[in-house]
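Peer 1: Below you will find the structure I want to go over with you.
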Amino acid sequence: MATYNIAVIRGDGIGKDVVEEGIKVLEAAAPAHKITWKWTEFPWSTEYYFKTGRMMPEDALETLVKFDAIYLGAVGHPKVQDHVTLNGLLLPIRRKFDQYVCERPSILFEGVSSPLANKKAGEIDMVVIRENTEGEYANVGGFQYKDTPQEVAVQTSVFTRHGCERVIRYAFKLAQKRKKKMRVCSITKSNAMGYSMVLWDRTFKAVAAEFPDIQTDSYLIDRACMEFIRKPEQFDVVVASNLFGDILTDIGAIITGSIGLAQSANVNPERDYPSMFEPTHGSAPDIAGKGIANPMAQVLTGAMLLRHLGEQKAGDQVENAVRRVLADGEVLTPDLGGRSKTWDVGDNIAANLGSKPVALKSRRKK
Ligand code: NAD
Ligand code: IPM
Ligand code: MN
């Protein structure tokens, strides 16, 4: 019997709705695996900011550090500038808890159609490893001559050898573990950015030499965006800087059907701090409160949380239940062409926890 203490931050917009379904499915999966969840809810969000002037209390990180993991929905509100909300909640957690790996799988599941022509289930199956604590998101900079015509803004990227090395090494180890194409593709813009990205390229080469069993590719970000559309099946593990990884994973999400399916985890591999599990998508203010957000990304992120806790079988079972609902194609939210509500999808995933494994390459009988 294992008990896990999880901090829950539903956040803003659809974050609230999809976390509800994520917890529903994780609760339903628990008994068969002798798991007990202890959820502790924190109301930290833009609503909290309206009331207190802060996105989370000053000692929030001291509170969170005691948990086994953090399960988060999304942050962002149309009435407050995003740099205030995100720098007040999400980004400090990623940085202070040294969650330097952002792991984002993109898998084309059975029953889901890609906007790219003629892609079959399983043909797209990659993971983007995004550097998550430094690079373009280092939050170093400032304004000068503010609110004058001479105003200057400086935003500095910070790339350290240590920072590049550890995330690149994680990508190579993951390619070994996946045993799929045994390939790692590095993404930079070192033709134009002759310092930071050149350090990344050099580090990539040095780390690659430690993994002679893994093939490597190296693309510039512009070419990489093109290749994600032209031939995404070539990718296995992709490793990129913070900003490039952010952009690529929205492409990875849409070519595999919907951002509402895009799972994600912010991981501190050394486990010195809790890791944080939140889907790739945001708070989606355009559909918030309508009950039509797809909860599958949040549920699949829950499967990543289970695996992180060492509950591999339970994680696989949750993922399989999502695959089953997708393959059946009957209970889907509008982003996937369906008419179902968020909670109906959650209920259906929970009801399918015991269903037979869905192989990626199986074809649905009509
Ligand atoms: P978004 O991901 O919230 O939405 C993009 C589009 O995808 C919208 O049309 C939305 O309706 C749709 N969408 C997103 N998730 C969906 C789901 N689960 N089911 C169905 N449709 C879904 O991106 P955005 O509009 O650029 O950002 C909105 C807000 O969220 C901003 O404040 C942004 O800063 C924030 N944001 C937060 C996170 C996070 O907390 N991790 C991530 C991305 C964006
Ligand atoms: C994501 C989001 C965040 C990011 C934003 C909200 C700061 O887009 O998790 O992909 O860029 O990391
Ligand atoms: Mn993003």
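The values are calculated or read from the model by the stated rules, or taken from the named source; none is laboratory data. Please read these numbers as outputs of a predicted model, since none were measured by experiment. For neighbour counting, all protein chains shown are included, and Cβ atoms are generated from backbone atoms with ideal geometry for every residue, glycine included. Quick note on the areas: whole protein, heavy atoms, side chains included, nothing else; ligands and nucleic acids left out. Shrake-Rupley method; radii C 1.70, N 1.55, O 1.52, S 1.80 Å.
Peer 1: Where in segment 277-366 are there helices (runs of 4 or more DSSP H), lying wholly inside it, with at least 3 residues that are at negative phi and over 17 Å from the mean Cα position of the chain (by Cα)?
Peer 2: Values: elements: 296-308, 312-328, 342-351.
Where helices (runs of 4 or more DSSP H) fall fully within segment 277-366 and carry at least 3 residues being at negative phi and over 17 Å from the mean Cα position of the chain (by Cα), they are 312-328, 342-351.
Peer 1: How many residues are within 13 Å of ligand 2 (Cβ to nearest atom) and not acidic (Asp, Glu) if we restrict to segment 255-286? I'd like the intermediate steps shown before the answer.
Peer 2: Of the residues in segment 255-286, the ones within 13 Å of ligand 2 (Cβ to nearest atom) are 259, 262-266, 276-285.
Next, from what is left, pick out any that are not acidic (Asp, Glu): 259, 262-266, 276-277, 279-285.
Here the count works out to 15.
Peer 1: Any residue in segment 241-254 that is more than 16 Å from ligand 3 (Cβ to nearest atom), among the charged types (D, E, K, R), modelled with pLDDT of 95 or more and open to solvent by 40 Å² or more (accessible area, probe 1.4 Å)? Explain how you work it out, then say what you get.
Peer 2: At the first step, the residues of segment 241-254 found to be more than 16 Å from ligand 3 (Cβ to nearest atom) are none.
Within segment 241-254 (the criterion being more than 16 Å from ligand 3 (Cβ to nearest atom), among the charged types (D, E, K, R), modelled with pLDDT of 95 or more and open to solvent by 40 Å² or more (accessible area, probe 1.4 Å)), the answer is no, since none of the residues qualifies.
Peer 1: Determine, yes or no, whether residue 204 is touching a helix residue (DSSP H, G or I) at 6+ places or on another chain (Cβ under 9 Å) and not charged (D, E, K, R).
Peer 2: Spelling it out, residue 204 is indeed touching a helix residue (DSSP H, G or I) at 6+ places or on another chain (Cβ under 9 Å) and not charged (D, E, K, R).
Peer 1: Any idea how many residues of segment 148-168 are surrounded by 17 or more Cβ atoms within 10 Å (Cβ to Cβ) and of a type outside the set (S, T, N, Q)? Before you say what the answer is, go through the steps one by one.
Peer 2: First pass over segment 148-168, keeping only residues surrounded by 17 or more Cβ atoms within 10 Å (Cβ to Cβ): 157, 159, 163-164, 166-168.
Applying the additional criterion that residues be of a type outside the set (S, T, N, Q) yields 159, 163-164, 166-168.
Selection size over segment 148-168: 6.
Peer 1: Here is a follow-up. Can you find a residue in segment 138-147 that is in the same structural domain as residue 248 (by TED's automatic domain parsing), modelled with pLDDT under 95 and surrounded by fewer than 16 Cβ atoms within 10 Å (Cβ to Cβ)?
Peer 2: Step one: of segment 138-147, the residues in the same structural domain as residue 248 (by TED's automatic domain parsing) are 138-147.
Still in the list and also modelled with pLDDT under 95: 139.
Checking which are surrounded by fewer than 16 Cβ atoms within 10 Å (Cβ to Cβ) leaves us with 139.
Checked against the condition, which is being in the same structural domain as residue 248 (by TED's automatic domain parsing), modelled with pLDDT under 95 and surrounded by fewer than 16 Cβ atoms within 10 Å (Cβ to Cβ), segment 138-147 yields at least one hit.
Peer 1: Being within 16 Å of ligand 2 (Cβ to nearest atom), surrounded by fewer than 17 Cβ atoms within 10 Å (Cβ to Cβ) and of a type in the set (S, T, N, Q) is the filter; apply it to segment 79-120 and report the residue that is farthest from residue 302 (Cα to Cα).
Peer 2: 81
Peer 1: Please enumerate the residues belonging to segment 240-292 that are touching a residue at least 40 places away in the same chain (Cβ under 8 Å), under 20 Å from residue 159 (Cα atoms) and outside the structural domain of residue 91 (by TED's automatic domain parsing).
Peer 2: Listed by number, the residues that qualify are 240, 241, 242, 243, 244, 245, 246, 248.
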